[in-house]
Amino acid sequence: MEITLSHDQQASLGDDIYKLVTDSISKARKDASIDSKDFFRKKEACMYLGVSNNTLDKFLAIGMPYHVVRGITLYSKEEIKQFVLKQ
């Protein structure tokens, strides 16, 4: 089977493939940076858990541990795992 595309269709398909690949690479880099960290800031902790900021606040209210270092609140990946497993 042979498919013939016009020049415009080829260009559009090329653009779509390029966008798909670059988006996938960006997501992989973002995921890898989270997976390689032992401590997260709040936004990263939300991403790691796949929850909203409000849900994370609820977790904190029921005892999810956190640490404040020089005024910066950090969440331990290991402690997050343990907290989730106990719920």
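All of the numbers you see were taken from the coordinates with simple rules; none came from a lab. As the structure is a computational prediction, the values presented were derived from the model and not from experiment. Backbone-built Cβ (ideal geometry, glycine too); neighbour counts: all protein chains shown.
One table, with the values for the structure above:
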item: Spacing of the two label points (7 Å from each Cα toward its C-beta) at D15 and K27, in nm; result: 2.1 nm
item: Cα-based shape type of region 38-87, given that a ≥ b ≥ c are square roots of the gyration tensor eigenvalues and the cut on a/c is 1.5; result: rounded
item: Under-5 Å amide H pairs with L74, H placed in peptide plane, nonlocal only; result: H67, V68, V69
item: Violating pairs (Cα-Cα greater than 27 angstrom) within the set K58/K86; K27/K77; K19/K58; result: K19/K58
item: Among (1) -0.90, -1.14, -1.27, -1.31; (2) -0.81, -1.00, -1.12, -1.17; (3) -0.72, -0.98, -1.17, -1.26, the entry derived from the coordinates for log10 I(q)/I(0) by the Debye sum over Cα atoms at q = 0.18, 0.21, 0.23, 0.24 Å⁻¹; result: (2)
item: Virtual spin-label span in nm between E2 and D38, 7 Å along Cα→Cβ; result: 6.1 nm
item: Span from the region 1-21 Cα centroid across to the region 32-87 one, whole angstrom; result: 42 Å
